[in-house]
1. Among 140, 148, which is surrounded by fewer than 20 Cβ atoms within 10 Å (Cβ to Cβ), among the basic types (Lys, Arg) and not in a loop (DSSP other than H, G, I, E, B)?
2. Residue 72 - would you say it is within 16 Å of the ligand (Cβ to nearest atom) and either in contact with a Leu (Cβ under 6 Å, 6 or more places away or on another chain) or open to solvent by 30 Å² or more (accessible area, probe 1.4 Å) (or both)?
3. Among the residues in the range 7-29, are any among the aliphatic types (A, V, I, L, M), under 30 Å from residue 193 (Cβ atoms) and modelled with pLDDT of 95 or more?
4. If I filter the range 106-126 down to residues being open to solvent by 10 Å² or more (accessible area, probe 1.4 Å) and part of a helix (DSSP H, G or I), which single residue comes out as farthest from residue 189 (Cα to Cα)?
5. What pairs come out if I take residues in the range 189-211 that are over 28 Å from residue 26 (Cα atoms) and open to solvent by 40 Å² or more (accessible area, probe 1.4 Å) and pair them with residues that are assigned to a loop (DSSP other than H, G, I, E, B) and modelled with pLDDT of 95 or more whose C-beta lies under 7 Å away, six or more apart or interchain?
6. Consider the range 108-159. How many of its residues are near the ligand (Cβ under 10 Å from one of its atoms) and without any contact (Cβ under 8 Å) to a residue 24 or more places away in the chain?
7. Run down 162, 92 and say which single residue is away from the ligand (no atom under 14 Å from the Cβ), over 26 Å from residue 219 (Cβ atoms), touching a Leu at 6+ places or on another chain (Cβ under 9 Å) and open to solvent by 10 Å² or more (accessible area, probe 1.4 Å).
8. Could you check the range 1-46 and list, in sequence order, the residues that are touching a Gly at 6+ places or on another chain (Cβ under 8 Å) and aliphatic (A, V, I, L, M)?
Amino acid sequence: DIATLEAGFQQRIDRGDKIEPQDWMPEGYRNTLLRQMSQHAHSEYVGMLPEGFWLTRAPSLHRKCVLLAKIQDEAGHSQYLYSALESLGVDRDGIYQQLLSGQAKYLNIFNYPALTWADVGMIGWLTDGAAIVNQVPLSRSSYGPYARAMVRICQEESFHHRQGFDLVRKLVEGTPEQRQMAQDALNRWWWPTVMVFGPPDEDSPHSRRSMQWGIKLYSNDTLRQKFVDQTVPQIHHLGLTVPDPDLRLNEETGHYEIGRIDWDEFSRVIQGGGQCNRHRVGSRRRAWEQGAWVREAAACHASKQAARQAG
Ligand code: ACO
């Protein structure tokens, strides 16, 4: 019966077994994976847009090549994740349509504009830095295809993180205007990045079950703290200022304590009311519509090939 199956499933999770697509899983476990993995895939996909704008504006050929490689990596990440989702028996187009209709969520951070070249550095250094903190534990997640997708993603994210830091360091070592540009971008990206880890633990409806099922290994606040502790010294090292007058190092715990996070802003942004939500989804929708002829041509080519082979 279902209770016995669920108990056996939980024992497998507690033992550290990986759950594979053909294995029995509770409906709630499958739905949690569908929700989180689809949001994750969409985030990687939409995440190409703020930086994409800067491809034709990069200040040198070298920077352009690096940025292009990074954006291509993000496209690849979304493909790994959409494939991992297919292992749960869902149709890729169906999942993708949820993004295009504006129904699906993706990370808050990608609804902010990249106003200057320094923002490109902040996305790499801060956003991808946060992504590493979030995704390294996910590579030990209980669902095999999700965990395996994370391994390569994390390796690539670490390149993204370093290129972002390097870009910001160059600006900081440049003219006073360039230094100011870096500080201005930090002021705008710091708080949205701190929010990336999701609502505080007491307001996170999914965390408890997700952690029980080994989908998430750490709580939102635990990972947020890890990110803050690791990033604040980097900011100080660059001689920049964290835009948080309440930030302090608690000497007893060894952790940085941050000021109040504006959770109203977070809710507004994830419910579609951020600066760029409409633009981001609109841009994906246009790409889908304008790519219709490519899909038709590919399907036509595939059916001709199949007919030729059958003949
Ligand atoms: N942006 C948008 N929505 C968010 C965010 C965020 N940063 N954080 C939480 N939410 C949403 C959740 O999706 C959930 O909404 P839903 O019920 O409609 O699905 C709601 O807020 C409540 O949050 P939680 O209960 O804390 O949700 P969950 O347990 O799923 O934890 C988290 C949220 C930490 C984001 C988790 O889903 C996760 O680890 N996801 C994968 C990480 C990811 O997407 N990385 C992308 C990296 S992109 C890049 O590297 C370029």
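The values are calculated or read from the model by the stated rules, or taken from the named source; none is laboratory data. Predicted model, so just to flag it, every value in this text is computed and none were measured. Glycine also receives a Cβ, built like all others from the backbone with ideal geometry; neighbour counts cover every protein chain displayed. Accessible surface is based on the protein model in full, side chains and every heavy atom, while ligands, DNA and RNA are left aside. Shrake-Rupley method; radii C 1.70, N 1.55, O 1.52, S 1.80 Å.
1. Result of the check over 140, 148: 148.
2. For residue 72, the condition - within 16 Å of the ligand (Cβ to nearest atom) and either in contact with a Leu (Cβ under 6 Å, 6 or more places away or on another chain) or open to solvent by 30 Å² or more (accessible area, probe 1.4 Å) (or both) - is met.
3. Taking the range 7-29 and keeping what is among the aliphatic types (A, V, I, L, M), we get 7, 13, 19, 25.
This time we only want the ones that are under 30 Å from residue 193 (Cβ atoms), so: none.
No, there is no match, as no residue in the range 7-29 is among the aliphatic types (A, V, I, L, M), under 30 Å from residue 193 (Cβ atoms) and modelled with pLDDT of 95 or more.
4. This residue is 117.
5. Qualifying pairs under 7 Å: 191/261; 191/262.
6. Residues meeting the conditions: 3.
7. Matching residue, one of 162, 92: 92.
8. Within the range 1-46, 13, 19 qualify.
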